[in-house]
Amino acid sequence: MAVTVFMILLFMFLILIHEFGHFIIAKAFNVKVNEFSVGMGKLLFKKQKGETQYSIRAIPVGGYCKLEGEDYDNEDKRSFRNTNPLIKILIIMAGPFINFLFGVLLFTIIHFNMGASTTIVKQSIPNSPAYQLGIKENDILLSFNDKQILQFNDFINELNLYYMENDSNTLSEISFLRENEVITKEFKPLYKNNSPFFGIEVKTQKLNLGQSIKHGFISSMNIIKDITDSLKALFKNNINIVNVSGPVGLINTINNDTKSNSNIFDLLNLMAYISINIFFFNLIPFPLLDGFKIVESIIEIIIGRPIKQNITTTITTIGAILLIALILTITIKDLAVMVFSDIINRY
């Protein structure tokens, strides 16, 4: 229960800072903002300040920034629809950009306090594939299936991608350096929380503030690369709905993870991960998402006028139906997995 409440508050906060990005840039370019709301649904509290209503609503899931003329024709020169399309793009991009910067900030804090992972082994976890291969302290990871390992995160990502595309019984190769000798061995991973597990901890190096900021950007870009690679792998193998999780599946996974050891930096890592995901998926050019509005603005630049409102309304309505159907399907799947997992664990 506590995890569920925390996840709701986390999503709410991350969506709020996203909407604040839209809000602050709209205000900066004198675009009329009718309402900035915390939460959705029934109005609980409001305060009018100038032309903008600041609201608190009953459903504690995110919020929104309502711009004049965003979804309808309007003669007001300060409405979003009548704004220069380049300014529209800046306003739209501001939301995802805030999420990206927030992710970078959190990763910077993590790296400044915990350092950065090296490729030097600290220990192999007992009974893991790494332990069974005899990998020990001070071994240096070199490559996985002939792909060079520059950071420990590279290995984890390649391991996940490889077993997303291949059967769990498929053998992999790991190469490592021990006292100037390159050793290559084959292994099959174990699985923990439906993810392949090799079983090593690596040493870390302390970072100063500048290095931490650099690694904050690197960690954020690595997540974007991971998402892109995962989507490519899913499409390449014909998407299986079983491999896709939504908020309920994420909560279930986090709930399982919190039963083991966790600390404040695990929490910050989770927040950064979700914030970068919000950045990425909002830029997909699908109706209702910011990416679609950016495409609309680019088309407006090309044709010299806004797309007719009835066309965008129709596309948005169809997109909303498809998106809701997808969310419901994934949620039902996640709930079924949770129920059956609970039954199996009991018996």
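Of note:
- Axis of helix 85-114 versus longest Cα principal axis of the chain: the two differ by about 30°, to the nearest ten degrees.
- Only protein atoms count toward the accessible area here, which uses a 1.4 Å probe; on the chain, the carbon and sulfur part of that area reaches 62 percent.
- For the chain, relative contact order (Cα pairs under 8 Å, six or more residues apart, normalised by length) works out to 17 percent.
- Calculated P(r) of region 275-329 - Cα pairs past 17 Å, %: 44 percent
- Student exercise, region 91-210 dipole from Lys, Arg, Asp, Glu Cβ charges, in Debye to nearest 20: 400 debye
- Mean projected area in nm² (Cα convex hull; one quarter of hull surface) for the chain: 21.4 nm²
- Tilt relative to the chain, helix 290-303 - C-alpha long axis, 0 to 90 degrees, to 10: 60 degrees
- Using only the C-alpha atoms, the convex hull of region 140-228 corresponds to 120 Å³ per residue.
- Relative to the dominant Cα principal axis of the chain, helix 309-346 is inclined by about 40°.
- Helices in the chain, meaning DSSP H runs of at least 4 residues, each add -39500 (n - 2.57). Divided by all residues, the mean residue ellipticity at 222 nm is -18500 deg cm²/dmol.
- Net lengthening on full extension, Lys185/Leu9 (0.36 nm per residue, minus Cα-Cα): 58.8 nm
- Accessible area expressed per residue, the chain, with surrounding protein chains retained (probe 1.4 Å, Å²): 58 Å²
The values are calculated or read from the model by the stated rules, or taken from the named source; none is laboratory data. Only a predicted model underlies this, so the values are computations on that prediction, with no experimental measurement involved. Every residue, glycine as well, gets a Cβ built from its backbone with ideal geometry; the counts of neighbours run over all protein chains shown. Heavy atoms of the whole protein, side chains included, go into the accessibility calculation; ligands, DNA and RNA do not. Shrake-Rupley method; radii C 1.70, N 1.55, O 1.52, S 1.80 Å.
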